[in-house]
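Shown next, in structure tokens, is the structure this report addresses.
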Amino acid sequence: MVDRSSIISGNLPRPFGKYSLTRELGRGAMGMVYEARDSALDRRVALKLMLPNDNPDPKDAVIEEQLFTREAQLCARLAKHPNIVSVYEAGTIDGRRYIAMELVDGIPLSDWTEQRKPSLRARVRILRDVAYAVHHAHQAEILHRDLKPKNVLIDAQGRPFVTDFGMAKRVGGDGSSSGISSSTGSGTVVGTPSYMSPEQAQGLKKVDRRTDVYALGAMLYEMLTGKPPFPGEMTIVALMRVVQDPILPPSTISPSWAKTSENKQIESICMQALSKNPEDRFPDSLAFADQLSAWLGEKPAMDTARTAAKKKRSPMIWLPAALIPIGVFVLFFILRFASGPNPFESDWSTATSIIPLAHATRDAVEGGWKPESGGLVSTRSPHARIELPFRAPAEYDLRATFVRREGSDEVAILLPWKGATFLWTIRGLENGLPNTVVFRVRKDGIASILKSDRVASSSTTAVPNAPGAAWALKDPSLIGLGSADGVVEFKSVELMGISGHGEKSRP
């Protein structure tokens, strides 16, 4: 058996081929990482050395060596990305395998969070950039399979780098890895249970990009609650929990998160990423990253795959509406309009124009409002809100046209439905362009469609819960308008009664 202690405790600096090992950066079960200087190119690198294998099972020893060398082979497929650690070269020196990588002067995300105490928005922005980097790897047909805070390095400028592709694997062009075992081959499931998807925990042969989406969701869950969904070491019990146990929403297990004033929509993003069934998750890390960008009030990163998809997408897409909760359950209904008329082609000549009924001061709930050109304009406020003094009937159609003048955060419309309020929000609009949204409110559900020159209707967000204190109106039977930290002009709001006509709430 090889004495590994002599390797781990060797004096530094010391030579290793053309490299000079200067200090230890980290260690794992199969290898150690050093800061080193490449004498041939006169540059600092991170040098990962595989420890001599003393595994008594020759099959397991071969698997460990394959895992080590595969990291270099897969990373060599990756084009340079600003948030992924690059691999320079790999080889063998004095019988020991090594990988020379880009040296990042940084610390793991877990340590960075503990030491710097960054805001939630700063942490979410880091995770968003990590998700875009993971998407880059997926485009090169590489699954990471071991995404976790310790495998993300944060440099002095606060920039994240995804590292440690030791558990990565190559997948097919459709993002799946059928025919390639997701275990090491000896029955040992790879990954870290706290961030491992249920299909990965079961050792299923077919995993795809959504397994990394789950890991990103687990990291987001930890950002919201302080711990991942299933903390614990690699045990059968831990794996069974990942596969079988439900994940409780962050607000039910973290009193501090439940009390925060942050937009709770991020909780829905987190729980979708953590769905037990891969079909219910985001289809890829790009979609997950875009949702985080929207929550941050920032535009999605440019991406050729996204651009191509938009060109193929129909400009008009009907979306199901997520309805307010009854008791502790959130009900989802779909109104199907395939047989109905296009709402933008409907005759709105008989509709009631509601904005002229409002008083900019008297009807304001929060923030400043002023009349302008027959419409209403909000001033900057965390959640500017105004009630329109008109009670809608039980069923109605509503059309609203608005323009975001400044900012990038939420534009909100609040609709009365069954005695409560339904909140519709959208972010990331291009300033200065008109947008029109049409709602069909019926007893069995709500549906919406957005029409704009630059925004696809699939980017609208229907929040599946009651508005909460941030958006609540004084009277839930009224229609409300809102904007968050920006200036929005609501040009018109028109209502057409379907069952009944509605009425003014005051003379």
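Which ones in the range 1-46 are at pLDDT 90 or above, among the hydrophobic types (A, V, I, L, M, F, W, C) and in contact with a Pro (Cβ under 7 Å, 6 or more places away or on another chain)?
Correct list: 21 only.
Would you point out the residue of the range 361-408, among those that are at pLDDT below 90 and not in a strand (DSSP E or B), that is surrounded by the most Cβ atoms within 10 Å (Cβ to Cβ)?
383
Listed here are the residues, each with its yes/no results for (1) aliphatic (A, V, I, L, M); (2) assigned to a helix (DSSP H, G or I); (3) buried (at least 20 other Cβ atoms within 10 Å of the Cβ).
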site: 77; (1), (2), (3): no, no, no
site: 80; (1), (2), (3): no, no, no
site: 101; (1), (2), (3): yes, no, yes
site: 126; (1), (2), (3): yes, yes, yes
site: 133; (1), (2), (3): yes, yes, yes
site: 137; (1), (2), (3): yes, yes, yes
site: 147; (1), (2), (3): yes, no, yes
site: 166; (1), (2), (3): no, no, yes
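Can you find even one residue in the range 209-221 that is touching a helix residue (DSSP H, G or I) at 6+ places or on another chain (Cβ under 9 Å), without any contact (Cβ under 8 Å) to a residue 24 or more places away in the chain and of a type in the set (Ser, Thr, Tyr)?
no
For the range 225-246, give me each residue that is crowded, with 19+ Cβ neighbours inside 10 Å and in a loop (DSSP other than H, G, I, E, B).
Within the range 225-246, 228, 229, 230 meet the criteria.
Which residue, of 493, 488, is assigned to a strand (DSSP E or B), modelled with pLDDT of 90 or more and over 22 Å from residue 351 (Cα atoms)? First the steps, then the outcome.
Working: 493 fails: over 22 Å from residue 351 (Cα atoms).
Step by step, each of 493, 488 is checked, and only 488 is assigned to a strand (DSSP E or B), modelled with pLDDT of 90 or more and over 22 Å from residue 351 (Cα atoms).
Could you say which residue among 434, 416 is farther than 27 Å from residue 499 by Cα and modelled with pLDDT of 90 or more?
Details: 416 fails: farther than 27 Å from residue 499 by Cα.
So the residue among 434, 416 that is farther than 27 Å from residue 499 by Cα and modelled with pLDDT of 90 or more is 434.
From the list 468, 482, which residue is outside the structural domain of residue 268 (by TED's automatic domain parsing), at pLDDT 80 or above, under 21 Å from residue 381 (Cα atoms) and not in a helix (DSSP H, G or I)? Please lay out each step first, then the result.
Details: 468 fails: at pLDDT 80 or above.
Within the list 468, 482, the selection yields 482.
Being closer than 22 Å to residue 43 by Cβ and modelled with pLDDT of 90 or more narrows it down to one of 104, 87, so name that one.
On the way: 87 fails: modelled with pLDDT of 90 or more.
Just one listed residue meets the conditions, 104.
Please enumerate the residues belonging to the range 489-507 that are of a type in the set (A, V, I, L, M, F, W, C) and under 13 Å from residue 355 (Cβ atoms).
Result: 490, 493, 495.
Look through 261, 251, 256, 285 and report the one residue that is surrounded by 15 or more Cβ atoms within 10 Å (Cβ to Cβ), of a type in the set (Ser, Thr, Tyr) and under 25 Å from residue 472 (Cα atoms).
Values: 261 fails: surrounded by 15 or more Cβ atoms within 10 Å (Cβ to Cβ); 256 fails: surrounded by 15 or more Cβ atoms within 10 Å (Cβ to Cβ); 285 fails: under 25 Å from residue 472 (Cα atoms).
Within the list 261, 251, 256, 285, the selection yields 251.
Consider residue 49 carefully, then state whether it is surrounded by 22 or more Cβ atoms within 10 Å (Cβ to Cβ) and either modelled with pLDDT of 90 or more or not in a helix (DSSP H, G or I) (or both).
When the stated conditions are applied, residue 49 passes them.
Can you spot a residue in the range 235-250 that is within 20 Å of residue 130 (Cβ to Cβ) and modelled with pLDDT of 85 or more?
Scanning the range 235-250 turns up at least one residue that is within 20 Å of residue 130 (Cβ to Cβ) and modelled with pLDDT of 85 or more.
If a residue has to be surrounded by fewer than 24 Cβ atoms within 10 Å (Cβ to Cβ) and either in contact with a helix residue (DSSP H, G or I) (Cβ under 7 Å, 6 or more places away or on another chain) or hydroxyl-bearing (Ser, Thr, Tyr) (or both) to count, how many in the range 150-159 make the cut?
Here the count works out to 2.
Which pairs do you get when a residue that is on the phi > 0 side of the Ramachandran plot, found in the range 399-413, comes within reach of a residue that is surrounded by 19 or more Cβ atoms within 10 Å (Cβ to Cβ) and not charged (D, E, K, R), reach meaning Cβ atoms under 9 angstrom, with the pair 6+ apart or on two chains?
From the range 399-413, the pairs are 407/483; 407/484; 407/486; 407/488.
The values are calculated or read from the model by the stated rules, or taken from the named source; none is laboratory data. Bear in mind the structure is a predicted one, so any value in this text is a computation, not a measurement. All Cβ positions, even for glycine, are placed from backbone atoms using ideal geometry, and neighbour counts span all protein chains on display.
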